1. Go through the stretch 6-23 and report how many residues are under 57 Å from the mean Cα position of the chain (by Cα) and at pLDDT below 75.
2. Say whether the condition of being surrounded by 15 or more Cβ atoms within 10 Å (Cβ to Cβ), among the hydroxyl-bearing types (Ser, Thr, Tyr) and closer than 30 Å to Thr19 by Cα is met by at least one residue in the stretch 42-54.
3. Of the conditions (1) in a helix (DSSP H, G or I); (2) closer than 30 Å to Ile4 by Cα, Val31 satisfies every one except a single condition; which number is it?
4. Quick check on the stretch 38-88: of everything there that is more than 34 Å from the chain's Cα centre (by Cα) and either among the aromatic types (Phe, Trp, Tyr) or outside any helix (DSSP H, G or I) (or both), which residue is modelled with the highest pLDDT?
5. Would you please name the residue that is modelled with the lowest pLDDT, looking only at residues in the stretch 89-114 that are of a type outside the set (S, T, N, Q), farther than 30 Å from Ala70 by Cβ and surrounded by 10 or more Cβ atoms within 10 Å (Cβ to Cβ)?
Amino acid sequence: MDSIAALLVSRQFRECLRTDDGFIDEDSCYVPFWYTRTGVILKWSLFLGLTALIGLYILLGYLHAKRRIAKGLAPLGYHRWLISRSQLARVDPRYQYPAANAMPYNPNNQYYNMHAMPPPPVYDPNRPPMYPGPPGPPDGATKVDPSQQDTGVEPARRFDEYQAPPGPPPANTYRL
């Protein structure tokens, strides 16, 4: 038993030889089965075979479901998921879109549907305002300046309007 394990370990760490087409020669060192030429062919065959089977299932299931719908029959459960909802609605009323509830325009409707309840005070158009509104001139007053145009220029000031602050100027505390 020990001689077989020693032989396998020695084969793993030996230099492996490659064949002309790039594969490792199985006789030169230990190679797991899935990395041999036969293993790579088998891996790709299994992958492509399963992919082809799944693709055929989808294609044939879709064609079978379309044929059943054309005959007026509901599609069977194993291929119902392949058909769109609008196609299923032709044969099965459960899949129809609900009818639209379009209501005509009614100008008297206040669009606050509390049915038999009165509207809250905020939404009642028949009540007077609960607050006085923005501040403004009293009723019957006129504007002080009827022009109300902003010129963007400050009014000119006279030089004697500004006076220097009392005391000496502050000392310079900034040093270079």
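The values are calculated or read from the model by the stated rules, or taken from the named source; none is laboratory data. Keep in mind the model is a prediction, meaning the values are calculated, not measured. Here the Cβ positions follow ideal geometry from the backbone for every residue, glycine too, while neighbour counts run over all protein chains shown.
1. Qualifying residue count for the region: 8.
2. Within the stretch 42-54, not a single residue is surrounded by 15 or more Cβ atoms within 10 Å (Cβ to Cβ), among the hydroxyl-bearing types (Ser, Thr, Tyr) and closer than 30 Å to Thr19 by Cα.
3. Just one mismatch for Val31, condition (1).
4. Only one residue tops the list, namely Trp44.
5. Going through the stretch 89-114, the residues of a type outside the set (S, T, N, Q) turn out to be 89-95, 97-100, 102-105, 107, 111-112, 114.
Pick out the ones that are also farther than 30 Å from Ala70 by Cβ and you get 102-105, 107, 111-112, 114.
If we keep only those that are surrounded by 10 or more Cβ atoms within 10 Å (Cβ to Cβ) as well, we get 112, 114.
On the way: Tyr112: 57, Met114: 62.
The residue in question is Tyr112.
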